[in-house]
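A quick write-up on the structure given underneath.
Coordinate-derived values only; no laboratory data. Only a predicted model underlies this, so the values are computations on that prediction, with no experimental measurement involved. Methodologically, a virtual Cβ is constructed for each residue, glycine included, from the backbone with ideal geometry; neighbour enumeration extends over all protein chains shown.
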Amino acid sequence: MQETNLKLPRNPAVRKWSNRILAASLFGILFFTLFPYWADFSIRHGLDRSPLLLGGPLHFDGILHTFLNTLLFVPFGFALSQFAAVRKKSLLKYVALGVIAGAALSYSIEILQLYMPSRDSAWDDVLANTLGAVIGMASGVMLGDPICRRFSEWEGRLERFLTLRKLVFAAIIYLAAWLAISVPLQQKTSLNNWDLNSFLIVGYDAREGSRWSGKVFRIQLWDHALTANQAISLSAKRDFSSDSISGALAAYDLTQTPPIADNTGSFPNLVVKPIQAGIHQPDARLDRLALISAAPVPSLASAVHQTNQLSVLIDCMPGRGNDTDGAILALANSSGRSDLFLRQDHSSLVIYLRNGLDSRRAAVAWHVPGAFVTSVRRTLVFTYDGAQGALYVDGKKELRSYYLSPGAGLVELFIRIKTDELVAYSVLYDALVFLPMGFFLGLAARIIPCRSPFRELYLGLGIVVPAMLVETLLVSISGRHVSTLQLALSIWLTIAGMVWMNLDSSG
């Protein structure tokens, strides 16, 4: 059977849009498959999860999962077909190129996902991704040239229509809309729904009626975030001196016999009382006795309402390494509903802060693996600055992060959010805000005359000012400090949008 030779002309319009589509597709693939980029290459896999077998034998995860994995690689194959069109190739060779390129990229990603605890790796994903690359390649061969030409025509019309004044006006409206949207999204993450009538409970889950098997030696609470140096110093020491409780809202030395007084004098004593599903019950069974504050602690919830910040120190030692639901410390109301808890789950630590993102679909709890070893004493410091939580264990900071951004509030409107993906939600939000701002600036770079003495100044302000406005707004709502990393990411995304708009362009 004679092969049909296909050749697509490579004009500037096709070249420009193929570059853009390839860059956008690679960004999307890496973002959706690898984020939040947390990998542990010390993980040792068995034969069923080796780089050869990936996640084991083929299994079907559903039509929607397969469809999305296929769709993700279609733009990649489409853009690739335009780069391969500079030489004559048969349709069969195009299909083979799509299979090789799609399978190689997908397989590389799946190998990396073997070492990412929040990701699954499977051969069916490779097959779906490869199919998407082949579909994109075939679409590019048949329709790539007219599609790229049409995109170029629309872009030319838009550029002729726009003036610098219209462009600035559109950019201001776009930024103002995101600023308005960001206010309720960031407010959803606030800790302003804590109950003023909650009790402090140690080593007991009032709702589940389960007791923790370990020992707690010391508890300290602050109504503000601690600096990294403070958290490292406190988690590395096991003293109960006046220096260690300076500025604390409450501090309990649990090596004493109950009733245990708060060393700061602001919280009620911790006493042993019978409790079960409700806080105070007349059931005197020994398995219902728990160490609990003699009265509610409204000052803690009230302080958190004002600052939207919190720090907790717990000096403890697990009795067993296989506790599946042991509450170490909880702040719970009379029905057993918790505003705050720290819990052991096997060797992991689970941290929960009640906030507006909680729903029937999601309770945003942070799981930190490897925090506990049987009968090994740990000093834990968790600090939350209004948006980002950090954990320090025996003087060392946990590399994983807990970040409640407007992106989490945005994603929660559509799907059930996952704690392991909180950082990805933040980057998604930033991309939605600042990549289009970069597109506006990329067009402005073409309109402003190159000889204008203020050209660089205008573009520089366009890059920096939106990032500063958004950061200032989020800081004022959340109460956290200004993040240089967040500013750098916003500026980088804006510049990336500018570059994307001017790939292979004289602008």
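Values computed for the structure shown
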item	result
Square roots of 5 times each gyration tensor eigenvalue, C-alpha, region 95-143, largest first, Å	25, 9, 7
Against the rule of thumb 2.2 N^0.38 Å, how large the Cα Rg of region 163-221 comes out	2.30
Trypsin sites (Lys or Arg not before Pro) lying in DSSP loop within region 380-471, provided at most 11 other Cβ fall within 10 Å	Arg416, Arg451
Formal net charge of residues neighbouring Ser338 (Cβ-Cβ distance under 11 Å; K, R +1; D, E -1)	-1
Radius of gyration and Dmax over the Cα atoms of region 410-507, both given in Å	15.7, 51
At 0.890 mPa s and 25 °C, Stokes diffusion of region 64-186 via Kirkwood alpha-carbon radius, µm² per second	141 µm²/s
Greater than 31 Å apart at Cα, pairs in Lys16/Lys166; Lys166/Lys188; Lys215/Lys396; Lys188/Lys215; Lys93/Lys418; Lys188/Lys273	Lys166/Lys188; Lys188/Lys215; Lys93/Lys418; Lys188/Lys273
